Amino acid sequence: MSSADIPAVSVVVIGRNEGERLLRCLDSVRNMIGPEGGTELLYVDSESEDGSCERAAALGAAVLSIPAGRRSAAAARNVGWRAAKAPLVLFLDGDTMVHPRFVVDSLRHFDDPNVAIVWGHRRESAPHESIYNRVLDLDWVYVAGWSEFCGGDALVRRDVLERVGGFDESLVGGEEPEMCRRIRELDLGILHVDRPMTRHDLAITHWSQYWRRAERAGYAYAAVSERFAGTRLPLWKEVARANVVHAGILVGVAATALLGCVLSLSPVPALLATAFYAALAVRSALRSRWKNASITTLLLYGVHSHLQQIPILVGQLIYRRERTGGGVSRLVWYKERG
């Protein structure tokens, strides 16, 4: 292959039954300001049943599919980057839309040979569609600078992907931070830049979706923290441990209040517990005020910061149970079709 045939950036979009979200994603790639040297667009499908492959092909994407039985984000991304031709690979989830200038404005950071990954701000495209979208939008807000990991949307050196072997397909969640941990082992950096990168369509409108998403996070915390325990660069060890303590306190306070109400035949223990939870939420809201100017949104985010600890702990316990019993990791889907 001659150098003239090698694009500057390969865009790898992954998806499963994303419907209209996928079309918006591919359109955003087609409309972004391309770097000198051009781009190629690859779509990797995970056994969609909604015509995603045909739609992607109609929009000019090279369509690939993951091998049967390997349905996961990690497997899809590996198929994509291994087929990519460019020295830089932009990974996108099929429910995102890339900012038109993100790629072209981020290329200069790779003049530093120590930069392996560049990622920017991912925010929700419809934060007011549901209370869940509204609070989870703030989960994407990170301080710019050197970071321990990135999310699913990121611009990555292809040769670094080759050096670390890409994403670990045995993981059902947390595959990006786990790979970033291996990249940092090479003394390479992950740079979070202060500019828009993608708009994301979380599309969570029901409590069950919210629960499953947090449960999946807990599963990932347990799996990844165990993997790197005792190493030079542990990952999520303190997060996983703090979740056990945090969730234990929340459940313990509720159980104590319930017992107190039964024994005293008084609502006072329940009122005290409610006041305790409210104080926690307010404190978290105040600590997060740099993320948003809306008092209402911050208070809701404060509630979410503690409420999510319960399903996260459940996810950790599920992982421990599977490890003890020799069970098979299960992929948790929380989205409806697009």
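Just report the Cα centroid separation between segment 138-197 and segment 45-114, whole Å.
Each part's Cα centre sits 15 Å from the other's.
Between GLU36 and ILE249, what is the label-point separation in nm under the 7 Å Cα-to-beta-carbon projection?
About 5.5 nm separates the two model spin labels.
Arrange the following residues from fewest to most other Cβ atoms within 10 Å of their Cβ: MET32, MET197.
The order, fewest Cβ neighbours first, is MET32, MET197.
When N is the residue count of segment 237-325, what does its C-alpha Rg come to as a fraction of 2.2 N^0.38 Å?
Working it through for segment 237-325, the quotient is 1.30.
Where does the charge balance sit around PRO311 when Lys and Arg score +1, Asp and Glu -1, over other residues with C-beta under 10 Å from its C-beta?
Every neighbour counted, the sum reads +2.
Starting from the Cα-Cα distance between ALA68 and GLU238, subtract it from 0.36 nm times their residue separation and give me the gain in nm to one decimal.
My answer for the length gained is 57.6 nm.
Can you run the Rg to Rh ratio on segment 16-152? Use alpha carbon positions and the Kirkwood inverse-distance Rh.
Dividing the radius of gyration by the Kirkwood radius yields 0.96.
Could you tell me how many degrees, from 0 to 90 and to the nearest 10, lie between the Cα long axis of helix 175-184 and the main elongation axis, the longest principal axis, of the Cα atoms of the chain?
Value to nearest ten degrees: 70.
When Lys and Arg each count +1 and Asp and Glu each count -1, what net charge do the other residues less than 14 Å away from PRO100, Cβ to Cβ, add up to?
+3
On a 0 to 90 degree scale, rounded to 10, what angle separates helix 295-307 from the longest Cα axis of the chain?
The answer is roughly 80 degrees.
Say we join alpha carbon atoms closer than 10 Å with springs in a Gaussian network model of the chain; which of PHE149, PHE228, PHE276 then has the biggest fluctuation?
It is PHE276.
Could you give the length gained on full extension between ASP187 and ILE295, defined as 0.36 nm per residue of separation minus the Cα-Cα distance, in nm?
Contour length minus the Cα-Cα distance gives 34.8 nm.
Just to confirm a number: summing +1 for Lys and Arg and -1 for Asp and Glu over residues other than ALA293 whose beta-carbon lies under 14 angstrom from that of ALA293, what do you get?
Here the charged neighbours net out to +2.
Using the alpha-carbon atoms, what tilt in degrees (0 to 90, nearest 10) does helix 309-325 show relative to the longest principal axis of the chain?
70 degrees
Compute the distance in nm between two label points, each set 7 Å from the Cα along the Cα-to-Cβ direction, one at ARG287 and one at VAL141.
It is 1.5 nm.
With a point put 7 Å past each Cα toward its Cβ, work out how far ARG321 is from HIS128 in nm, to one decimal.
Result: 4.1 nm between the two label points.
Seen from all sides and averaged, what is the projected area of the convex hull of the Cα atoms in the chain, in nm²?
The orientation-averaged projected area of the Cα hull of the chain comes to 19.1 nm².
Throughout, read-outs are computed from the coordinates displayed, never taken from laboratory work. Only a predicted model underlies this, so the values are computations on that prediction, with no experimental measurement involved. With ideal geometry, Cβ positions are generated from the backbone for all residues, glycine too; neighbour counts draw on all protein chains shown.
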